[in-house]
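*Asks:* Before we start, here is the structure in question, set down as structure tokens.
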Amino acid sequence: MKIGITCYPTYGGSGAVATELGMALASRGHEVHFITYAPPFRLPTFSPRISFHEVAIGQYPLFQYPPYDLALAVRMHEVATQQKLDLLHVHYAIPHATSAWLAKQMLREAGHDLPVVTTLHGTDITIVGQDHSYHAITKFSIDKSDRVTAVSQHLKDETVRAFGCDNRRVEVIPNFVDPAVFDRRAYDGALRQQLGGGRKVLMHISNMRPVKRVTDVVQIFAAVRREIPCVLVMVGDGPDRSAAEEEARRLDVESDVRFLGKIDGVAPLLASADLYLLTTDSESFGLSALEAQACGVPVLGYNVGGLPEVVESGVTGHLGDVGDIVGMARVASDMLGHEARWRAMGDAAVQRAKTRFATDKVLPLYEALYLDAVR
Ligand code: GMT
């Protein structure tokens, strides 16, 4: 099939999922066309059967807010026509599903019926989509999509609740991971030694927005560090990075906390970690938690959103109450202090990632959905 994919190309789970999906589809013989304003961050420089089509946003002095959604619709229309796309798959509802609907209407005028698949990822439903300024258009765009998927049952339930969408129209297709890439055994431990110098390595990866509660990560680390020699590695960047840095200084642990900034290939880093911390208070799935588990790293997080669908508390990690720093730190110290328990959790995490979320398990679900949509 010829598939157009639109996503946010910068850092973030939805862009990562869309890009991994595009690459996996291409490796199975499909032709994939990314349509967005910059090359997606996980996209290799060249790959047969994958093309990137940049959305150019025309500027004009009248535009205080240049209309990206219109420029995107125009580019979708153009690429669909020139490349004879069979289908358009958009990731993150706002504004991608709306632009896709516009492009679909324009194409219809020329007798080209372009099915639109929308994948809902998280804050497009839980936060941004429920903002009054976007609620009506988000509902409209979801309703008008030919197929709709959500990355977890929790997100599907929230979509039905918040937008009154037909329960049967939203299919749950979970995020996925390539166990050959996210594999601890593929790395020799040199990076782990560089990061921790023999101490345990705690890790967090995110775009450090308020929803991620990154100061909780630092507080949990500071409490664990009192019990067990360890370091904290913070990967990514965002508005709350400076708050996390300040918290590390306030708690006098900054010498053992490293902020690495944005890094594209996180597999070697995750394969060097002993414990992954994800303290988001509203997480629809938690892709990084899945990738950590695939690397045999137990996950410590809050029992919210779709995270319990990814992390089996007590088996592949632990999910506690939001803000329970003391409880989380106690569990972390206990886990890290008992090698056999830690190893059992890591092994269970790998198994869970492989058996439920491996690329070859999830990709056929998308392919079946596409076939159904074009039929
Ligand atoms: O919704 C967001 O906060 C951004 C979004 C993204 O584009 O990075 O993340 C969401 O999508 C990821 C991929 O499906 C999920 O793993 C994340 O859980 C989800 N984030 C939230 O729900 C906060």
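Where a number appears in this text, it was derived from the coordinates with a stated rule and is not lab data. Computed from a prediction, not measured in an experiment: that's the story for all the values here. Because the Cβ atoms are built from the backbone with ideal geometry, glycine has one as well, and the counts that use them run over all protein chains shown.
*Asks:* Provide the gained length on full extension for the span Leu371 to Arg226, in nm with one decimal, where the gain is 0.36 nm per separating residue minus the Cα-Cα distance.
*Replies:* Working: separation 145, 0.36 × 145 = 52.20 nm, distance 5.51 nm.
Result: 46.7 nm gained on full extension.
*Asks:* Strictly over 24 Å apart at the Cα level, which of Lys2/Lys361; Lys84/Lys262; Lys84/Lys156; Lys84/Lys354 would you flag in this model?
*Replies:* On the way: Lys2/Lys361 21 Å; Lys84/Lys262 36 Å; Lys84/Lys156 31 Å; Lys84/Lys354 35 Å.
Long pairs (Cα-Cα over 24 Å): Lys84/Lys262; Lys84/Lys156; Lys84/Lys354.
*Asks:* With +1 assigned to the C-beta of every Lys and Arg and -1 to the C-beta of every Asp and Glu, and no other charges, what is the dipole magnitude of the chain about the Cα centre in debye, to the nearest 20?
*Replies:* Working: 38 positive and 44 negative charges, 93 e Å.
The calculation lands at about 440 debye.
*Asks:* Enter the angle in degrees (range 0 to 90, nearest 10) between the Cα long axis of helix 153-163 and the first principal axis of the Cα atoms of the chain, meaning the one along which they spread out most.
*Replies:* 50 degrees
*Asks:* Which whole-Hz ³J(HN,Hα) couplings does the range 7-19 yield from phi under the Karplus relation 6.51 cos²θ - 1.76 cosθ + 1.60, θ = phi - 60°, glycine and proline marked x?
*Replies:* Result, rounded to whole Hz: 7, 7, x, 7, 5, x, x, 5, x, 5, 4, 4, 5.
*Asks:* On to the next question. Along each principal axis of its Cα atoms, how long is the range 280-326 end to end? Whole angstroms, biggest number first, please.
*Replies:* Principal extents (Cα only, largest first): 26, 22, 13 Å.
*Asks:* As a test of understanding, state the convex hull volume per residue of the chain from its alpha carbons, in Å³. Numbers along the way, then the final one.
*Replies:* Details: hull volume 54.1 nm³, N = 375.
Enclosed volume per residue, from the Cα hull, is 144 Å³.
*Asks:* Continuing with the same structure: Would you mind ranking Met76, Met328, Met23 so that the residue whose beta carbon has the fewest other beta carbons within 10 Å leads the list?
*Replies:* Ranking Met76, Met328, Met23 by Cβ neighbours within 10 Å, fewest first, gives Met23, Met328, Met76.
*Asks:* Calculate one ³J(HN,Hα) per residue across the range 281-290 by plugging θ = phi - 60° into the Karplus curve 6.51 cos²θ - 1.76 cosθ + 1.60, and present them in order as whole Hz with x for glycine and proline.
*Replies:* Running phi through 6.51 cos²θ - 1.76 cosθ + 1.60 with θ = phi - 60° gives 9, 8, 10, 6, 9, x, 4, 5, 5, 5 Hz.
*Asks:* Which order do the peptides 264-277, 100-113, 51-64, 28-41 come out in when sorted by mean C-beta neighbours inside 10 angstrom, highest first?
*Replies:* 264-277, 28-41, 100-113, 51-64
*Asks:* Please give me the summed charge of the neighbours of Glu31: other residues whose Cβ is under 13 Å from its Cβ, Lys and Arg +1, Asp and Glu -1.
*Replies:* Numbers: positive: Lys2, Arg28, Arg49, Lys84; negative: Asp86.
Surrounding charge for Glu31 is +3.
*Asks:* Add +1 for every Lys or Arg and -1 for every Asp or Glu among the other residues with Cβ under 15 Å from the Cβ of Asp113, and state the total. Intermediate values should be presented prior to the final figure.
*Replies:* Values: positive: Lys2, Lys84, Lys104, Arg108, Lys144, Arg147, Arg375; negative: Asp86, Glu109, Asp146, Asp372.
Its environment carries a net charge of +3.
*Asks:* Around His318, which amide H atoms from residues at least 5 apart in sequence, or from another chain, sit under 5 Å from its own amide H, with H modelled in the peptide plane?
*Replies:* Val299, Leu300, Gly301
*Asks:* Over all directions, what mean area does the Cα convex hull of the range 287-358 project, stated in square nanometres?
*Replies:* Working: hull surface 17.0 nm².
Averaged projected hull area, Cα only: 4.3 nm².
*Asks:* Please order Val299, Val79 by the number of other Cβ within 10 Å, starting at the fewest.
*Replies:* Numbers: Val299 25, Val79 22.
Ordered by Cβ neighbours within 10 Å, fewest first: Val79, Val299.
*Asks:* If you don't mind, there's one more thing I want to ask. Among Thr215, Thr149, Thr118, what is the fewest-to-most ranking by other Cβ atoms within 10 Å? Working shown, then result.
*Replies:* Details: Thr215 20, Thr149 23, Thr118 27.
In increasing order of surrounding Cβ atoms, one gets Thr215, Thr149, Thr118.
*Asks:* Suppose every K and R has +1 on its Cβ and every D and E has -1 on its Cβ; what is the size of the dipole of the range 184-356 about the Cα centre, in Debye to the nearest 20?
*Replies:* Details: 21 positive and 23 negative charges, 90 e Å.
Here the size comes out at about 440 debye.
*Asks:* So for each of 166-172, 290-296, 312-318, 280-286 I average, over its residues, the number of other beta carbons within 10 Å; can you give me the resulting order with the highest mean first?
*Replies:* Numbers: 166-172: 14.1, 290-296: 28.4, 312-318: 19.7, 280-286: 24.1.
With the highest mean Cβ count within 10 Å placed first, the list reads 290-296, 280-286, 312-318, 166-172.
*Asks:* I would also like to ask the following. Across the range 80-220, how large is the tail of the calculated P(r) beyond 27 Å, expressed as a percent of all Cα pairs? Show your work: numbers first, answer last.
*Replies:* Numbers: 4198 of 9870 pairs.
So the portion of pairs separated by more than 27 Å is 43 percent.
*Asks:* Provide the gained length on full extension for the span Gln193 to Ala340, in nm with one decimal, where the gain is 0.36 nm per separating residue minus the Cα-Cα distance. Display every interim value, and only then the final one.
*Replies:* Values: separation 147, 0.36 × 147 = 52.92 nm, distance 2.06 nm.
Length gained, Gln193 through Ala340: 50.9 nm.
*Asks:* I'd like the orientation of helix 359-374 relative to the chain: the angle between its Cα long axis and the longest Cα principal axis, in ° from 0 to 90, rounded to 10.
*Replies:* That helix lies at roughly 20 degrees to the long axis.
*Asks:* Using 0.36 nm per residue, how much length does the chain from Arg185 to Ala110 gain when fully extended, once their Cα-Cα distance is taken away?
*Replies:* Details: separation 75, 0.36 × 75 = 27.00 nm, distance 5.30 nm.
Computed gain between Arg185 and Ala110 is 21.7 nm.
*Asks:* Could you go through the range 319-334 in sequence order and give the Karplus-derived ³J(HN,Hα) for each residue, using 6.51 cos²θ - 1.76 cosθ + 1.60 with θ = phi - 60°, rounded to whole Hz, and x for Gly and Pro?
*Replies:* 10, x, 6, 4, x, 7, 4, 4, x, 5, 5, 4, 4, 4, 5, 4
*Asks:* Kindly express, to the nearest 10 degrees and within the range 0 to 90, the angle between helix 339-357's C-alpha long axis and the longest C-alpha principal axis of the chain.
*Replies:* 10 degrees
*Asks:* Going by amide H atoms built from the backbone, whose H comes under 5 Å of the H on Tyr37, apart from near neighbours?
*Replies:* It is Val55, by chain and number.
*Asks:* In the P(r) worked out for the range 184-356, what percent of Cα pairs fall beyond 21 Å? It would help to have the intermediate numbers written out before the result.
*Replies:* On the way: 5923 of 14878 pairs.
Cα-Cα pairs in the range 184-356 separated by more than 21 Å: 40 percent.
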